[in-house]
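Structure first, commentary second.
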Amino acid sequence: MKAYQGSDIGKIRAENQDSLASKCYEDGLFALVCDGMGGMLSGSAASSGAILAAAQLFDERYQTGMENNALCDLLRECAAAANKEVFRMSVESGFPGSMGTTLVGIFMRHSHCCIVNVGDSRAYLLPADGSIRQLTTDHTFVQHLYEQGEITAEERMTHERRNELTRAIGVQKSVLVDTFCMEMADGDRILLCSDGLYGMVSEERMAELINHTEPEQVPEECIREANENGGRDNITLILAVRDA
């Protein structure tokens, strides 16, 4: 398993509030992307604190050969640990609930991929046929409107409340976490990214870039394209590739 990753401040933001981490284990790859909430106090501290708490807990508790259900439970516990840490940081700052971040992560091995997410950072599946499919569900107000049939899929990207999250790490003492597991097929790859990528580059274009670029160059090319399209947010991605 290999992770090809990159992060960039973009063209508009004063600081990069995204964080990422990846680590190879004996039978799989662990990877995380967090996007600190720019309107909150110290989004960069929130995202980095969440990454550290989640990665540390995973490293302490992961055992080679864990069953998929146990892996999903562990990923959920990692998100809860991240939530606890970011909320603690906000309490210590004197403004409880004022720090927040998204979180999306995976543990990928040859046969399956277990996925965790809170917020609107995304996981995508890129099969060998060149297509792309969003795996995670955004925890946003506009996603709720879309599911209720009040707006179209295209309107989600331009709606005035598109950045309003309905769930985030660290805003409250506890958080509802999504986890699931899927089978992996030959040629499948997983893309984790913050909205600074998919908000600037269409899914079809992301698939085209990834399918026509050497894996080690994918982060640079995706970041370049997002910046050329305006770079209105921080841009972070991890491309997880299974061994041939």
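The values are calculated or read from the model by the stated rules, or taken from the named source; none is laboratory data. Keep in mind the model is a prediction, meaning the values are calculated, not measured. For neighbour counting, all protein chains shown are included, and Cβ atoms are generated from backbone atoms with ideal geometry for every residue, glycine included.
Restricting region 175-210 to residues that are within 16 Å of residue 137 (Cβ to Cβ) and of a type in the set (Asp, Glu), the residue that is surrounded by the fewest Cβ atoms within 10 Å (Cβ to Cβ) is 203.
Filtered by the rule that a residue be among the basic types (Lys, Arg), in a loop (DSSP other than H, G, I, E, B) and touching a strand residue (DSSP E or B) at 6+ places or on another chain (Cβ under 9 Å), region 165-189 gives a lone residue, 167. The set of residues in region 193-223 being assigned to a loop (DSSP other than H, G, I, E, B), polar (S, T, N, Q) and touching a strand residue (DSSP E or B) at 6+ places or on another chain (Cβ under 9 Å) consists of 194 alone. Scanning region 224-244 for residues that are on the phi < 0 side of the Ramachandran plot and surrounded by fewer than 23 Cβ atoms within 10 Å (Cβ to Cβ) yields 224, 225, 227, 228, 229, 232, 241, 242, 243, 244. Inspection of region 198-208 finds no residue satisfying the criterion of being over 19 Å from residue 104 (Cβ atoms), at pLDDT 95 or above and touching a Gly at 6+ places or on another chain (Cβ under 6 Å).
I'm checking my understanding of the structure. Among residues of region 185-243 that are of a type in the set (Lys, Arg) and out of contact with any Pro (no Cβ under 9 Å at 6 or more places or on another chain), which one is nearest to residue 130 (Cα to Cα)? For region 185-243, the residue satisfying everything is 205. Reported count of residues in region 82-122, each being over 11 Å from residue 50 (Cα atoms) and of a type in the set (S, T, N, Q), is 6.
Evaluating residue 149 against the criteria (1) modelled with pLDDT of 95 or more; (2) assigned to a loop (DSSP other than H, G, I, E, B); (3) out of contact with any helix residue (DSSP H, G or I) (no Cβ under 9 Å at 6 or more places or on another chain) leaves one unmet condition, (1).
Residues in region 77-128 that are closer than 13 Å to residue 172 by Cα, of a type in the set (A, V, I, L, M), surrounded by fewer than 24 Cβ atoms within 10 Å (Cβ to Cβ) and at pLDDT 95 or above: 80, 81. Scanning for something among the hydrophobic types (A, V, I, L, M, F, W, C) and touching a residue at least 24 places away in the same chain (Cβ under 8 Å), does region 8-18 turn up at least one residue? Yes, that holds for at least one residue. Can you confirm whether region 135-146 contains a residue that is on the phi < 0 side of the Ramachandran plot and modelled with pLDDT of 95 or more? There is at least one residue in region 135-146 that is on the phi < 0 side of the Ramachandran plot and modelled with pLDDT of 95 or more.
Of the residues making up region 51-72, just one is of a type in the set (Asp, Glu) and touching a residue at least 12 places away in the same chain (Cβ under 8 Å), namely 59. Selection of strands (runs of 3 or more DSSP E) fully inside region 1-53 by the criterion of at least 2 residues being charged (D, E, K, R), within 15 Å of the chain's Cα centre (by Cα) and surrounded by fewer than 20 Cβ atoms within 10 Å (Cβ to Cβ) returns nothing.
Residue 118 meets all of the listed conditions (1) over 21 Å from residue 28 (Cα atoms); (2) out of contact with any His (no Cβ under 7 Å at 6 or more places or on another chain); (3) β-branched (Val, Ile, Thr) but one, namely (2). Restricted to region 161-177, and to residues there that are touching a helix residue (DSSP H, G or I) at 6+ places or on another chain (Cβ under 9 Å) and charged (D, E, K, R), the residue that is modelled with the highest pLDDT is 173.
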